[in-house]
Amino acid sequence: MPLPLENEYYTYSDYCTWDDTNRWELIAGVPYMMAPGPSPQHQSISGKLFRVLSDFLEGKSCQVFSAPLDVRLNADDYDDSVVQPDLLVVCDQSKLDEKGCKGAPDMTIEILSPSSQHRDRYDKFQLYRVSGVREYWIVDTENKTIQVHVLRQGDYITYIYGNDDAVPVHILEGLVIDLPFIFD
């Protein structure tokens, strides 16, 4: 199939047939073409976060991944939501297969860009909460802040950290990330 049509409802089975020259996300059956390559600032922040998480997780059961990696939140062919977070942490290795992650990762990180801000702040916030992502970070490169959403009894508790703060990773006991390192 060439490109998906607007105003149509799609599932993961449909998503698998799309032309892979473009990157797509599927949220509640609605396809969103992802913007072309991220900015150098976006890549720098993503790389630093990946390095800190990867170093901390060395020898542990959890693993960190970077985009593009398909996350099928309901883990079946009828799933109508497939996302590609900038970074994700998976602690249950049985959720990983040759296609990506099937089910909610333990942690997702989205680094805001102008084309995805609304989706990251609102649509994915709800999607991640409902699907059971235990910790969701929204990194605002422009304001040098991170919103950390921690899932407690089905709702997110939100913490906001600024450029000079150190951020605890709630799902990874003992890991604290210094934001001056990340944003500089």
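Some values worked out for this structure:
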| quantity | calculated |
| --- | --- |
| One residue from 8, 25 being charged (D, E, K, R) and at pLDDT below 90 | 8 |
| Members of region 134-168 found to be part of a strand (DSSP E or B), closer than 16 Å to residue 104 by Cα and touching an Asp or Glu at 6+ places or on another chain (Cβ under 8 Å), listed by number | 135, 136, 137, 149, 150, 151 |
| Number of positions in region 94-133 that are modelled with pLDDT of 95 or more, touching a Cys at 6+ places or on another chain (Cβ under 9 Å) and outside any strand (DSSP E or B) | 3 |
| Residue 71, sole failed condition from (1) surrounded by fewer than 15 Cβ atoms within 10 Å (Cβ to Cβ); (2) of a type outside the set (Asp, Glu); (3) within 16 Å of the chain's Cα centre (by Cα) | (1) |
| Filter result (surrounded by 13 or more Cβ atoms within 10 Å (Cβ to Cβ) and outside any strand (DSSP E or B)) within region 169-181 | 169, 170, 171, 172, 175, 179 |
| Test result for residue 79, in contact with a Lys or Arg (Cβ under 8 Å, 6 or more places away or on another chain) and either assigned to a loop (DSSP other than H, G, I, E, B) or more than 16 Å from residue 137 (Cβ to Cβ) (or both) | yes |
| Answer from 162, 132 - the residue that is within 28 Å of residue 40 (Cβ to Cβ), of a type in the set (Gly, Ala, Ser) and either surrounded by 12 or more Cβ atoms within 10 Å (Cβ to Cβ) or in contact with a Ser or Thr (Cβ under 7 Å, 6 or more places away or on another chain) (or both) | 162 |
| Test: residue in region 13-36 that is more than 16 Å from residue 84 (Cβ to Cβ), of a type in the set (Ser, Thr, Tyr), part of a loop (DSSP other than H, G, I, E, B) and in contact (Cβ under 8 Å) with a residue 60 or more places away in the chain | no |
| Verdict on residue 10 being in contact (Cβ under 8 Å) with a residue 40 or more places away in the chain, assigned to a strand (DSSP E or B) and in contact with a strand residue (DSSP E or B) (Cβ under 7 Å, 6 or more places away or on another chain) | no |
| Which listed residue, of 92, 86, 79, is over 10 Å from the mean Cα position of the chain (by Cα) and under 26 Å from residue 51 (Cβ atoms) | 92 |
| Test result for residue 43, out of contact with any strand residue (DSSP E or B) (no Cβ under 8 Å at 6 or more places or on another chain), surrounded by 13 or more Cβ atoms within 10 Å (Cβ to Cβ) and of a type outside the set (D, E, K, R) | yes |
| Condition check for residue 64: part of a strand (DSSP E or B), touching a strand residue (DSSP E or B) at 6+ places or on another chain (Cβ under 7 Å) and either without any contact (Cβ under 8 Å) to a residue 40 or more places away in the chain or of a type in the set (Lys, Arg) (or both) | yes |
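The values are calculated or read from the model by the stated rules, or taken from the named source; none is laboratory data. If you're wondering where the values come from, they're calculated on a predicted model, not measured in any experiment. So basically every Cβ, Gly included, is an ideal-geometry build from the backbone, and we count neighbours across all protein chains shown.
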